[in-house]
1. Starting with the highest mean, order 404-412, 91-99, 372-380 by the number of other Cβ atoms within 10 Å, averaged over the residues of each peptide.
2. Whole-Hz Karplus ³J(HN,Hα) for segment 401-409, in order, using 6.51 cos²θ - 1.76 cosθ + 1.60 and θ = phi - 60°, x for Gly and Pro?
3. Under 5 Å between amide H atoms, partner at least 5 residues away or on a different chain: which partners does residue 51 have, H built in plane at 1.01 Å?
4. Using θ = phi - 60° and the Karplus relation 6.51 cos²θ - 1.76 cosθ + 1.60, list the HN-Hα couplings for segment 42-57 in order, rounded to whole Hz, with x at every Gly or Pro.
5. Quick one: which residues, 5+ away or cross-chain, put their amide H under 5 Å from the amide H of residue 183? H built at 1.01 Å from N.
6. Using 1/(1 + (r/R0)^6) with R0 = 25 angstrom and r between the beta carbons of residue 403 and residue 356, what's the FRET efficiency to the nearest 0.05?
7. Explain nothing, just compute: Karplus ³J(HN,Hα) = 6.51 cos²θ - 1.76 cosθ + 1.60, θ = phi - 60°, for every residue of segment 159-168 in order, whole Hz, x for Gly and Pro.
8. Rounded to the nearest 20 debye, what is the charge dipole size of segment 88-186 about its Cα centre when +1 sits on each Lys and Arg Cβ and -1 on each Asp and Glu Cβ?
Amino acid sequence: MWTRRAFLKSSGLAVFAAGLGGCPTFLNRAALAARAPGPFGRRKVLVTIFQRGAMDGLMAVTPFRDPHLAALRPRLALPAAGEGALLDLDGAFAFHPAFAPLLPHYREGRLAVVHGVGSPNPTRSHFDAQDYMETGMPGVKSASSGWLNRAVGLMGHDATPFRAVALTPSLPRALSGDAPALAVANLRDFALNVPGPERLRAAAGQSLESLYAQTTGDLLGATGREGFEAAHMLESIRTSDYRPARGAAYPASPLGNALRQIAQLIKADVGLEVAFAESSGWDTHVAQGTANGAFARRAEDLAAALAAFWTDLEAYHDDVTVMTMTEFGRTVRENGSGGTDHGRASCLFVLGNAVEGGRIHGVVPELDPDALEDRRDLPVTTDFRAVFAEVAGKHLGLTDDEALFPGWRGARLPLFRS
């Protein structure tokens with residue numbers, strides 16, 4: 001298997017895009033793959049979105065008929081009818097009104113909700129909980145790779161350098177490891193940098209052709225020549241005026257921009273198979289709000305970005321599955337500042353044509369304090385690895401759950417139609 005070290009050893013030219021690394025031979029493989037589109041060249045793509053800060057799953061998908069809810073959340077519980085009302089899903093659970101753009105997908109059976117999901121490790125540290133979820137190894141601080149990187153390594157087929165891409169400023173923990181993965185903050189910021197003496201680095205801002213002319217064969221040689229076409233292909237992706245499909249209105253936010261670019265890469269047929277994006281700001285300790293406020297703003301952004309992404313990729317719906325995740329949930333009882341504190345279980349969404357959508361998966365017990373963890377938290381009834389293994393297994397065709405999640409011997413949570 002190709003590694004970053006092997007690529008860097010093979011040539012003096014490195015290509016970076018705020019964390020993107022490789023070489024002309026590496027890029028040439030992508031160009032060759034892009035020149036062979038068609039039904040047999042299309043790949044399954046798993047898109048993951050990390051909601052950093054810990055989303056309040058009980059506000060996102062509310063068990064609105066629970067008799068304890070109003071007493072535990074006198075300021076935060078939303079009404080079942082009237083202005084700012086919840087969106088009934090099945091008579092027992094309801095969406096926060098900000099998730100209205102996702103309601104059609106739920107009703108059409110392609111969006112599933114998994115509730116009561118979280119980590120078996122009880123930490124309430126954002127840093128540790130995110131690390132455990134991204135490595136897929138709860139409680140293990142020495143993990144050397146992320147679960148998405150291991151998923152890439154288990155695929156076992158030829159790939160382009162764009163197999164695994166994070167639309168983030170730096171490579172996330174989930175994609176770190178031995179398998180090649182890229183971090184691209186923004187396709188429009190694509191740049192060419194030359195390693196080596198400072199005099200060569202100073203030339204990095206020039207065009208590839210002029211750079212090649214100045215450095216001659218000592219630096220680039222035949223490898224540089226064969227990389228021109230590939231570099232131009234990436235340049236065209238960066239500078240093209242990408243136009244989403246009609247009706248796909250991405251929000252002008254970091255998440256909207258990331259999903260828009262992921263859609264662009266999928267349509268460009270560069271071999272994308274695993275994509276990663278982030279949504280921040282879910283840490284709602286103070287003034288969480290109800291139909292409006294801090295939570296509603298984050299939910300509106302997530303829902304609008306997801307809805308636009310799915311509209312944009314209409315021709316690829318059979319190939320793409322989207323999964324959200326968040327490090328933990330929030331306390332069942334609201335705090336004195338009109339917010340919620342760090343808790344345990346939350347919920348996540350899985351969107352795709354093969355998903356058994358239109359239903360709430362998982363278990364949410366009655367919100368009686370005696371049934372709560374530490375009398376304050378929604379208990380974790382579904383290990384996040386049961387969800388991740390199911391999604392990666394069914395969508396990407398992975399079969400070795402123990403290799404994907406070392407030390408875990410649990411069962412997958414069925415989420416796909418047979």
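1. Taking the mean over residues of other Cβ atoms within 10 Å, the ranking is 91-99, 372-380, 404-412.
2. 5, 5, 6, 6, 10, x, x, 9, 10
3. Close amide H contacts, sequence-distant or interchain: 279, 325, 326.
4. 6, 10, 5, 10, 9, 10, 10, 10, 9, 8, 7, x, 5, 6, 6, x
5. Amide H neighbours of residue 183: 20, 21, 166.
6. Rounded to the nearest 0.05, the efficiency is 0.45.
7. Listing the rounded values in order: 8, 8, x, 9, 4, 10, 9, 9, 8, 9 Hz.
8. The calculated dipole for segment 88-186 is roughly 120 debye.
Values in this text are rule-based calculations from the coordinates and carry no lab data. Every value quoted in this text rests on a predicted model; they were computed, and no experiment measured them. A quick note on method: Cβ atoms are made from the backbone with ideal geometry, for glycine too, and the neighbour counts reach across all protein chains shown.
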